[in-house]
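Everything below concerns the one structure shown next.
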């Protein structure tokens, strides 16, 4: 009997670990989906602003908690039509400040 109870305890531990891992994966996917939805919504606004001939670029500030996701988005197809330049000045928000402008391709 003791071997059976030991096997059941180990099985429960494995199942709990799987559930916790799956829950973390679902939370991560939710977070990514919410970020992308907000990004697409903001890109619509940026697109309207950049249609004005007098505006060369738009300055955005990215909160620290979204920096990793935004860094991934810069190199994805989400921002492929934009030139994204990180501000390198030594201000307080310098590392979280980005210039977004239209990307022009010269042939």
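Only the coordinates and a few stated rules stand behind these numbers; no lab work does. Values in this document were obtained by computation on a predicted structure and should not be read as measured data. Neighbour counts run over all protein chains shown; Cβ positions are idealised from the backbone, glycine included.
Quick look at the numbers
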{"quantity": "Verdict on residue 34 being part of a helix (DSSP H, G or I), touching a residue at least 12 places away in the same chain (Cβ under 8 Å) and surrounded by 10 or more Cβ atoms within 10 Å (Cβ to Cβ)", "calculated": "no"}
{"quantity": "Test result for residue 24, outside any helix (DSSP H, G or I) and either farther than 18 Å from residue 103 by Cβ or in contact with a strand residue (DSSP E or B) (Cβ under 7 Å, 6 or more places away or on another chain) (or both)", "calculated": "no"}
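Table: residues versus (1) touching a helix residue (DSSP H, G or I) at 6+ places or on another chain (Cβ under 9 Å); (2) outside any loop (DSSP other than H, G, I, E, B); (3) exposed (fewer than 10 other Cβ atoms within 10 Å of the Cβ).
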| residue | (1), (2), (3) |
| --- | --- |
| 20 | no, yes, no |
| 29 | no, yes, no |
| 39 | yes, yes, no |
| 42 | no, yes, no |
| 54 | no, no, yes |
| 84 | yes, yes, no |
| 98 | yes, yes, no |
| 104 | no, no, yes |
